[in-house]
Amino acid sequence: MNRLFIFLFVFLSFLTTAQTSKNELNSKTYKELLTAFAEAENNFDLQKKYADAYLLKARKEKKDLRIAKGYYMMSNIHNFYDAIKYLDSVTIYAEKESNDKFPMVAYYERARKLDALRDFKLAIENYIKAENWAKKNNDLDYIFRARLAIAIIKSEDIGEIEEALELYKQCYSFYKKNKEKEVRYFNSYVSTIFAIADAHRALHQLDSASYYNRLGYRASIEFKNERLKGFFVLNEGATQCLKSNYKTAIDSLDKALPVMIEYDEKMNQIASYYYYAKSYTGLKKIDKVVKYYEKVDSVYKELEYITPEFVHGYHYLIKYYRENGNKEKQLYYLNTLMSIDSIFQINYKELTKKFKKEYDIPNLMREKEEIIEGLHEDKKSNYGIMTVLGVIVIISLFLVIQQIQQKKVYKKRFESLMQTKEEGDNIGNEIEVISKIKDNNLNIVEETANSILKQLAAFEKKKQFLKPNISLNNIAQDFGTNPKYLSTIINTKKEKSFVHYINDLRIDYIVSELKNNVQIRKYTIKAIAEEVGFNNAEAFSNAFFKRTGIKPSYFVKKLQEG
């Protein structure tokens, strides 16, 4: 939550803080209140006291820049809607003082929150304002943060790929020049290469897509990031498919899919299955085409999300089952396709026009009516169909009963979660209760193993697992050890993989936060995911379900019901 706040006060030394009376707060200097606020990260009640004291002091002294800073502190401890209002006040008071940095950060933060709320038009407007202030301040970092954010919205959310590509290339040039300065710049460099490759592929500029896929593949090896490397292999597989090099495409997909499964990248699993189907279409292996398009549907049903790129498979399956006389499956995929269209009308306004043009929804509705009518005619003349329908009714009843039972299971899991001891009760004392390794069979020096365990306890206590894009290599570097030792300790002592270890810490934390913090329940699932370090809502939802047995949307809903 306080990433950008810490950026503003990086030169301040932290002070030890405790529960403070109003008189003590009033006697503190601005600097003391700022550092105390930063030190109290994740303690919202304490942070609010410091922010209130800072803002009250600034108002009494009528210092506009101080007032702006006070409002910025408030924006960091409120939900998205309230935070946007506080950030409005930041810009008003900061601009009175002609301060170039504060309006820049406020507009950028406001844009990020609007982006999470899917208000893309206003988000872009605020990113542009942030960039304009960054230019006044000659802050290249924020200039390209804003441009990259705008490019992502244009390419992923509103379908303006050509405009996005131009922005991606500008960002690429900047991060290429600066990638050696900071790890995050190298990460942005590799991610931008992927965005460029993906945009070229979407525009069917296939040689350019392959060039950037190769470039990104080499960079991800240098960055030692298997997940990103898998992305480039997958993207090149899709590119080779579009080039009609079907066997080469399948070879790349064979290498990429296990990575997507390992990292639980459901959307990229859909992409893998889709381009398998497209490749086997080119090779005229119809059984495999049907198999992989149906796999696309199975992952979609689990994920409940799909992008316009991957809906062609439903059109193929409808036609295939129509030609093979399987009206039930034809109707099933017709209903699914029409359901997807209704989702697109909400989330993809521009792309919906293209979707309607290609798939002609009114014709699909007529086809659906014809299928249902045909099924009724068949039922009149064929008692066998009656038997099938009877089975379908029984199955439907079974599914209804199963759904009722599932709701009961979910309710029990929710009640169990509500009775679980708070995550914070254990993490805070873990350093004191940790037991030293005596029966060391890990092939690691005992002193080193115990040092890693202590550092892991401190890592958990400080909630460093909330940082985004953390990796085994990064943590090992911070601990002053090697990734193999760290992985061995986590696998043996935590009895889980590194990815599951981090995910479980994050989920335990957010469960506790949701139970105790009414404001955070108002966030979108995407916003909650970002709050605990996940890159997207999909990965967060999957991790939440694995840990708790229920989906985060269900958990939040039950909490709101009280």
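Is it true that E180 is more than 27 Å from K113 (Cβ to Cβ), without any contact (Cβ under 8 Å) to a residue 60 or more places away in the chain and either surrounded by fewer than 16 Cβ atoms within 10 Å (Cβ to Cβ) or of a type outside the set (D, E, K, R) (or both)? Criteria met by E180.
Among the residues of region 157-165, are any in a helix (DSSP H, G or I), surrounded by fewer than 21 Cβ atoms within 10 Å (Cβ to Cβ), in contact with a Lys or Arg (Cβ under 8 Å, 6 or more places away or on another chain) and at pLDDT below 90? Give the derivation first.
Of the residues in region 157-165, the ones in a helix (DSSP H, G or I) are 157, 161-165.
If we keep only those that are surrounded by fewer than 21 Cβ atoms within 10 Å (Cβ to Cβ) too, we end up with 157, 161-163.
From the residues that got through so far, the ones that are in contact with a Lys or Arg (Cβ under 8 Å, 6 or more places away or on another chain) too are 157, 161, 163.
If we keep only those that are at pLDDT below 90 as well, we get 157.
Within region 157-165 (the criterion being in a helix (DSSP H, G or I), surrounded by fewer than 21 Cβ atoms within 10 Å (Cβ to Cβ), in contact with a Lys or Arg (Cβ under 8 Å, 6 or more places away or on another chain) and at pLDDT below 90), the answer is yes, since at least one residue qualifies.
For region 199-209, the count of residues that are farther than 19 Å from N535 by Cα, hydroxyl-bearing (S, T, Y) and modelled with pLDDT of 95 or more is nonzero. Pairs are defined by a Cβ separation below 8 Å, a sequence spacing of at least 6 or placement on different chains, a first member in region 504-516 that is over 13 Å from L466 (Cα atoms) and in contact (Cβ under 8 Å) with a residue 60 or more places away in the chain, and a second member that is of a type in the set (G, A, S) and surrounded by fewer than 18 Cβ atoms within 10 Å (Cβ to Cβ); the pairs so defined are S512/G424. Across region 271-295, the number of residues qualifying as within 30 Å of the chain's Cα centre (by Cα) and polar (S, T, N, Q) comes to 2.
Here's the yes/no breakdown for (1) closer than 30 Å to K546 by Cβ; (2) among the aromatic types (F, W, Y); (3) touching a Leu at 6+ places or on another chain (Cβ under 6 Å); (4) buried (at least 22 other Cβ atoms within 10 Å of the Cβ):
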| position | (1), (2), (3), (4) |
| --- | --- |
| S244 | no, no, no, no |
| K247 | no, no, no, no |
| P258 | yes, no, no, no |
| M267 | yes, no, no, no |
| Y276 | yes, yes, yes, yes |
| L283 | no, no, no, no |
| D297 | yes, no, no, no |
| P308 | yes, no, yes, no |
| K327 | no, no, yes, no |
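All of K129, K113 fail the test of being part of a helix (DSSP H, G or I) and either at positive phi or surrounded by fewer than 20 Cβ atoms within 10 Å (Cβ to Cβ) (or both), apart from K129. The numbered conditions (1) closer than 28 Å to P552 by Cβ; (2) modelled with pLDDT of 90 or more are all true for N335 except (2). For region 59-76, filtering for residues that are in contact with a Lys or Arg (Cβ under 7 Å, 6 or more places away or on another chain) and either modelled with pLDDT of 85 or more or surrounded by 23 or more Cβ atoms within 10 Å (Cβ to Cβ) (or both) leaves 1.
Cβ-Cβ contacts under 7 Å between residues 6 or more apart (or on different chains), taken from a first residue in region 274-285 that is of a type in the set (S, T, N, Q) to a second residue that is assigned to a helix (DSSP H, G or I) and buried (at least 24 other Cβ atoms within 10 Å of the Cβ), are listed as S279/C241; S279/A249. At pLDDT 85 or above, surrounded by 16 or more Cβ atoms within 10 Å (Cβ to Cβ) and of a type in the set (G, A, S), is that true of A51? Against the criterion (at pLDDT 85 or above, surrounded by 16 or more Cβ atoms within 10 Å (Cβ to Cβ) and of a type in the set (G, A, S)), A51 qualifies.
One line per residue, one yes/no per condition, for (1) of a type outside the set (F, W, Y); (2) under 23 Å from Q419 (Cα atoms); (3) touching a His at 6+ places or on another chain (Cβ under 6 Å); (4) assigned by TED's automatic domain parsing to the domain that holds I444:
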residue: L456; (1), (2), (3), (4): yes, no, no, yes
residue: K462; (1), (2), (3), (4): yes, no, no, yes
residue: I470; (1), (2), (3), (4): yes, no, no, yes
residue: L486; (1), (2), (3), (4): yes, no, no, yes
residue: V511; (1), (2), (3), (4): yes, yes, no, yes
residue: N535; (1), (2), (3), (4): yes, no, no, yes
residue: F545; (1), (2), (3), (4): no, yes, no, yes
residue: S553; (1), (2), (3), (4): yes, yes, no, yes
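Which members of region 173-185 meet the condition of being in a helix (DSSP H, G or I) and either farther than 10 Å from F223 by Cα or at pLDDT 90 or above (or both)? Within region 173-185, S173, F174, Y175, K176, K177, N178, R184, Y185 qualify. If the condition is being out of contact with any Pro (no Cβ under 7 Å at 6 or more places or on another chain), farther than 16 Å from K412 by Cα and buried (at least 16 other Cβ atoms within 10 Å of the Cβ), then region 541-561 contributes N542, A543. Residue pairs whose Cβ atoms lie under 9 Å apart, separated by 6 or more positions or on different chains, with the first residue in region 24-37 and touching a residue at least 12 places away in the same chain (Cβ under 8 Å) and the second among the acidic types (D, E), are L25/D52. Counting only residues that are out of contact with any helix residue (DSSP H, G or I) (no Cβ under 8 Å at 6 or more places or on another chain) and assigned to a loop (DSSP other than H, G, I, E, B), region 302-333 holds 4 of them. Residues that are free of Cβ contacts under 8 Å to residues at least 12 places away in the same chain and within 28 Å of S155 (Cα to Cα) within region 313-342 comprise S339, S342, listed in sequence order.
The values are calculated or read from the model by the stated rules, or taken from the named source; none is laboratory data. What you see is a predicted model; the values in this text were computed from it and never measured. Here the Cβ is made from the backbone with ideal geometry for all residues, glycine too, and neighbour counts use every protein chain on show.
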